[in-house]
1. With a 1.4 Å probe and all protein chains left in place, how much accessible area per residue does the chain have, in Å²?
2. Based on the Kirkwood radius over alpha-carbon pairs, what value in µm²/s does the Stokes-Einstein equation return for the translational diffusion coefficient of the range 238-293 at 4 °C and 1.567 mPa s?
3. In nm, what is the difference between 0.36 nm times the number of residues separating ARG129 and ASP234 and their Cα-Cα distance?
4. For ASP208, enumerate residues with amide H under 5 Å from its amide H, sequence gap 5+ or separate chain, H modeled in the peptide plane.
5. In the range 9-155, what percent of the accessible surface is made up of carbon and sulfur (1.4 Å probe, ligands and nucleic acids excluded)?
6. How far, in nm, would the chain grow between GLN192 and LEU211 when pulled straight, counting 0.36 nm per residue and subtracting the alpha carbon separation?
7. Could you sort ILE282, ILE166 by accessible area so the largest value comes first, with the probe set to 1.4 Å?
8. Could you tell me which label, among [x] 54, 41, 39; [y] 87, 49, 33; [z] 45, 44, 38, carries the value of Cα extents along the principal axes in Å calculated for this structure?
Amino acid sequence: GAVTMGPDGPERPGNGLALVDRWILSRLDAVTADATKLLANHLYGEAGRQVQDFVWSELCDWYIEAAKVRLSGTPAERRTVAQTLAFTLERSARLLHPFMPFATEAIWRALPHVGESAMVAPWPEAGERDQTAEADVAAMTTLVTAIRDARAKAGVEPGRWIVATIYAAGRGGSFAAARREIGFLARIADEQLTIAGGAADPATLATDALLVVAGDVAAALPRAGLLDLAAERDRLTRELAEAEAERERAIRQLDNPAFVDKAPAQVVDVQRRRLATAEEQIAVLGARLAELR
């Protein structure tokens, strides 16, 4: 639906807010207050850096991505996301205007706004911060980042939806309300996501589960849900065979006295490094295969 406007631009949304909406509005309040203070003290470079970090690392990296799940939701959800985006983007353009005036002028005019130019628009005023939302989303994004890292290290395809149990400690209610965002950001299938309110107890976890810890919250990722185990075993077996063949080729060269005695030292060193690399790969691949058996 249409964005609700006030005398100073898009109105600040206040109804039907999700956790991530409350968070981005509070973070906007924080960077507005900090930038205002820094500019008053003539610390222009630091003020610009903080505004840029907010727009790049919080608004773009996290809020816009998380909000996508509700942009395909109910009409009320879509309206709330649109109002939050309009308010946050318009205020962000004003905050950035002293540092990059031409680009922000063009962006500001393309957004819902009031007035003729960002150059004469009033400087944004900070509201009261929502410390609970900030703490909950900080825990959520830290956990999602840890899950993404664990997926990458386990060789999980980026597009694969996985199984997970999240132990939210004292944040069970907030995490449950944000389950769609968590699942979307970490690529956990909704029907395969369990959110538990307590802390993870390693003694009770399944032996085939990978435990990911991020501060006071954690996630258990069953290995069977991370990978197609049969396909992964086949892949590792092929790579192991290739590494063993590479080792045999290097050994044949190094066992040949004519080669070792007559070849230049650097050429012999290449074969020794080739052998050492192959042996290291065999050890790593063998251990990985043993884990999957």
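1. On the way: 15430 Å² over 293 residues.
With all protein chains present, the chain gives 53 Å² per residue.
2. Working: Rh = 12.0 Å.
The diffusion coefficient I find is 108 µm²/s.
3. Values: separation 105, 0.36 × 105 = 37.80 nm, distance 5.27 nm.
Roughly 32.5 nm would be gained on extension.
4. Distant-sequence amide H within range of ASP208: zero hits.
5. Details: 4090 of 7150 Å².
Taking all protein chains in place, the range 9-155 shows 57 percent carbon and sulfur surface.
6. Working: separation 19, 0.36 × 19 = 6.84 nm, distance 1.61 nm.
That pair, GLN192 and LEU211, stretches by 5.2 nm at full extension.
7. Numbers: ILE282 25, ILE166 0 Å².
Reading off the accessible areas and sorting them downward yields ILE282, ILE166.
8. [y]
The values are calculated or read from the model by the stated rules, or taken from the named source; none is laboratory data. Given the structure is predicted, the values throughout are model-derived calculations rather than measurements. Neighbour counts run over all protein chains shown; Cβ positions are idealised from the backbone, glycine included. Side chains included, ligands, DNA and RNA excluded: accessible areas come from the protein's heavy atoms. Shrake-Rupley method; radii C 1.70, N 1.55, O 1.52, S 1.80 Å.
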